[in-house]
Amino acid sequence: MIVPMRKATIIVLDSRRREEVANLKHLGLLHPEIERRHDARTEQLQAQREAVQRALVELPAEESDPASSGRDAQRDAASGGPSADSPSRVPDLERAMAITAEIDEIAEQRRAHREALERIDAEIRRTVSWGDFDPDDLRWLAEREIEVHLFSMSPKDYRKRAPSGAIVFQRGPVAVRFAMIWLHGHHVSGATPEEVAQVPGVERFRIPETSLGTLERCREEELSAIEEAGRRLAQAAVHRETLRRAADELERRLRDEHVRLGMDTADRIAYITGYIPEDSLDSLRQAASNNGWGTLIREPDPGDAVPTKISNPGWIRIIRPVFNLLGVVPGYRERDISLFFLLFFVVFVGMIIGDAGYGAILLVAGVVMVMRGRGAARDGAVLLLVLSLSTLAWGAITGNWFGYEPIGRLVPFRYLMVPELNSFDPRSTQAVQAVCFVLAAVHLSIAHLWNFIRQVREKPAIKAIAQLGWLCVLLGLYFLIVSLFIGQEFPSFGLYLIGGGMAAVFLFSGQTPEHGFIGGVANGLKNAFTIVFDGIGAFSDIISYIRLFAVGLATVAIAQAFNEMALSVGTDGAAVVLAVVILLFGHTLNLIMAGLAVVVHVVRLNLLEFSGHLGMEWTGIEYQPFSETHRSAS
């Protein structure tokens, strides 16, 4: 559920502002509503934080091998690096900034060498076809009024318009390269170099500053310098933890300064306004009494950007990692859909992956992660465990084990299968589609029933009847879609559901406290086009749930294809090894693609279709109290 919030203003003595900011941070309950202000101190901290973050980006990627991590830790300790620092100690910012400056200097040198390498490579590409010669020789001749100019033309153009007196030294399928020599400014053709260059098809070659061999040597030098800079950055990676803690400390100091500067003042007092959970008001009052604060607590105003704090039982909280991954937060005045999101997410994932063999693999992975997980990571592990059971269940009842039909016929698997849903029986198509449409009707109906329950408590209560109208429309459209896709007879009352539901929407959706019933009806008629298009949208939303069938069918088809490919290899010697490789690669790829489908399709059905019918916009601000642990409270 979304925890009710209160708007709180805390009043302190301006002379004790810095001390009270520390006390407020120790309390860790207020989500401050402040204007972001800056001074020289905040600009310095921000510049330092950005410098440290840039230094961290320049360091090579971390090694994931635990053994190598252990070697790094030993190397850190031997070099006086970060491993010698206790994580609980405040980082030495002066040392961290010195490390940052060193890394920045190395990175800047590497960037300069890379830019030089790009210039050298471009020059090599331009000159390599002309061969290796020393431009100094041409300059020596030019000093003695013997000018050698180089040109190129396509073979076709050269045959048509070859300049008189051209000395060809290279003929190729793409270009003819030739030289022309001017003695004391005169050529036998009487033309100047500029006139030759203006002949159609002639391209003048700019003499390079140095020879091709010298360019290649310079290239090797730049590569060596880049490699050396990379080696130095790899050595500097032992300071990674020191820099991370420094970045965190700078973030905390910057946040503290923003809160301090964001406090408004009047005479000799300073005050800060923010939001606090309703169930934490007693803690705030106790802290105010202990620290001598003045407090003003009231309900948030309708236009306030109130942060959202979600609190759920542990079994619902396992869906939280999905919301964190997606970065979505419901608005404070919206609804927490965690329960229904979780329930339908589990069902949809099971149908999309739809393979009991994959479910068994995920089950083992989930058990291992649950045993090793802690805190938020454990929530994700439990969710994986639940999703694996859902996948295992749907795969079992559809007889799909690694896309290989004979496995489903074995005892005891055949007793788990529902013949009407058999993945390998073409006749099951309509049954699975029917399941998808039933899920759609139930899922979207929950949204409108929830809207009805909420609106019936508001004024005017009759507006809630519009939600019952939408419910009737959904059910009527469900029967229509089932008749179109599955061939069931469309019931005679279906049109009454659709027509009556739309009439209820027109009559009651525009009702407001400011207008009477007739005015509300007029509002509904003004929105006629929107309502009609919403009705069409409801039709397409129900059809959208058929993606559960389509993606699940694709998963089965891909698994079957790799199985057939492996079986076609044969059973002799090396062929068995190749078949195993094909199976491992194919099913791993299929499982990964199914996981991507979960992100695309399952999330869509919850965040777009369901949330759209619920009227959610996901414009919330996450509750981030000003505390010792939160990194961005301001």
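Okay, here's what the table says:
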{"read-out": "Crossing angle, helix 40-58 versus the chain [Cα axis fit, 0-90 degrees, rounded to tens]", "value": "70 degrees"}
{"read-out": "R0 of 35 Å, Cβ-Cβ distance residue 629-residue 459: FRET efficiency to nearest 0.05", "value": "0.25"}
{"read-out": "Value of [θ]222 nm, deg cm²/dmol, for the chain, DSSP H segments ≥ 4, -39500 (n - 2.57) each, nearest 500", "value": "-19000 deg cm²/dmol"}
{"read-out": "Peptides ranked, highest mean first, by Cβ atoms within 10 Å: ranges 612-624, 237-249", "value": "237-249, 612-624"}
{"read-out": "Square roots of 5 times each gyration tensor eigenvalue, C-alpha, segment 255-326, largest first, Å", "value": "30, 16, 13"}
{"read-out": "Length released on extending from residue 125 to residue 596, taking residue separation times 0.36 nm less the Cα-Cα span", "value": "165.4 nm"}
{"read-out": "Separation in nanometres of the label points that stand 7 Å from Cα toward Cβ, at residue 554 and residue 105", "value": "5.4 nm"}
{"read-out": "Net charge, residue 443 excluded, C-beta distance under 12 Å - Lys, Arg +1, Asp, Glu -1", "value": "-2"}
{"read-out": "Extension gain from residue 389 to residue 449, taking 0.36 nm per residue of separation minus the Cα-Cα distance", "value": "18.7 nm"}
{"read-out": "For segment 384-430, alpha-carbon Rg and Dmax in angstrom", "value": "10.6, 32"}
{"read-out": "Nearest-ten-degree value, helix 465-485 long axis tilted from longest Cα axis of the chain", "value": "60 degrees"}
{"read-out": "Debye equation applied to the C-alpha atoms of segment 439-488, log10 I(q)/I(0) at 0.13, 0.21, 0.24, 0.25 Å⁻¹", "value": "-0.35, -0.69, -0.80, -0.84"}
{"read-out": "Whole-percent carbon and sulfur share, accessible surface of segment 484-634, 1.4 Å", "value": "70 percent"}
{"read-out": "Global form of segment 482-634, assessed from the alpha-carbon gyration tensor, a/c cut-off 1.5", "value": "oblate"}
{"read-out": "Net +/- balance of residues flanking residue 381 in space, Cβ distance below 10 Å, scoring K and R +1, D and E -1", "value": "+2"}
{"read-out": "Estimated FRET transfer efficiency (residue 529, residue 268; beta-carbon r; R0 56 Å; 0.05)", "value": "0.40"}
{"read-out": "Fully extended contour minus Cα-Cα distance, from residue 223 to residue 179, at 0.36 nm per residue", "value": "12.5 nm"}
{"read-out": "In segment 97-161, trypsin sites (Lys or Arg not before Pro) in a DSSP loop with at most 11 other beta-carbon atoms within 10 Å", "value": "144"}
{"read-out": "Between 0 and 90°, nearest 10: helix 574-597 axis offset from the chain longest Cα axis", "value": "60 degrees"}
{"read-out": "Alpha-carbon centroids, segment 235-303 and segment 121-173: separation in whole Å", "value": "72 Å"}
{"read-out": "Protection-proxy order for peptides 394-403, 175-184, each taking the mean of Cβ atoms within 10 Å per residue, highest first", "value": "394-403, 175-184"}
{"read-out": "Cα pair count fraction exceeding 19 Å, expressed as % - segment 207-364", "value": "79 percent"}
{"read-out": "Which labelled figure in (1) 168; (2) 246; (3) 335 is volume of the Cα convex hull per residue in Å³, once derived from the coordinates", "value": "(3)"}
{"read-out": "Per-pair calculated FRET efficiency, R0 = 45 Å: residue 231 and residue 170 via Cβ, rounded to 0.05", "value": "0.60"}
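The values are calculated or read from the model by the stated rules, or taken from the named source; none is laboratory data. No experiment lies behind these values; they were computed from the predicted model shown. Cβ sites come from the backbone with ideal geometry, for glycine too, and all protein chains shown count toward neighbours. These accessible areas exclude ligands, DNA and RNA; they are computed on the full protein's heavy atoms, side chains included. Shrake-Rupley method; radii C 1.70, N 1.55, O 1.52, S 1.80 Å.
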